[in-house]
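Visitor: Can you keep this structure in mind? I'll have questions shortly.
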Amino acid sequence: QVQLVESGGGLVQPGGSLRLSCAASGVTFTLYNMAWYRQGPGKQRELVASINSGSGANYADAVKGRFSISRDNAKNTVYLQMNSLKPEDTAVYFCNARLRITEYWGQGTQVTVSS
């Protein structure tokens, strides 16, 4: 049974930081490309950042220079370090694992940026 469990969301003031974690089980983690998506209120789900099995990373333009994705293959975990948070970063953040046409999703974690 495949599980992706996100944690680390919460309420933070503008300019603050959060670190999201996604722990994977039931998959050969090292084979999978991992990604973080988000869905803001009234918006479509969008890709935030991705990291491949070789730890090559890509970012959406909106978060470049502020967010950093990383993975720890020994812990089967992917992270999203979010700095200089803005109100427009408010969304539910989802972890995604993909290998060719197979993909899995976590349940999401809420991030709210507000003063």
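The values are calculated or read from the model by the stated rules, or taken from the named source; none is laboratory data. Just so you know, these numbers come straight off a predicted model, no measurement behind them. We place every Cβ from the backbone using ideal geometry, glycine too, and count neighbours over all the protein chains shown. Quick note on the areas: whole protein, heavy atoms, side chains included, nothing else; ligands and nucleic acids left out. Shrake-Rupley method; radii C 1.70, N 1.55, O 1.52, S 1.80 Å.
Visitor: Excluding residues on the same chain fewer than 8 positions from K64, give the aspartates and glutamates whose Cα lies under 13 Å from its Cα.
Guide: Reachable aspartates and glutamates: D89.
Visitor: Ignoring ligands, DNA and RNA, what percent of the 1.4 Å accessible area of the chain is carbon and sulfur?
Guide: Of the solvent-accessible surface of the chain, carbon and sulfur hold 45 percent.
Visitor: With the crude spin-label approximation of a point 7 Å out along Cα→Cβ, what separation in nm comes out for S115 versus L47?
Guide: About 3.5 nm separates the two model spin labels.
Visitor: Across bins of 10 angstrom width beginning at 0, how are the C-alpha pair distances of the chain distributed, in whole percent?
Guide: That works out to 15, 50, 29, 6, 0, in percent per bin.
Visitor: To continue, here is another question. Got a number for the accessible area of R45? Probe 1.4 Å, square angstrom, nearest 10.
Guide: 100 Å²
Visitor: Per residue, how many Å² of accessible area does the chain show with a 1.4 Å probe?
Guide: Each residue of the chain exposes 53 Å² on average to a 1.4 Å probe.
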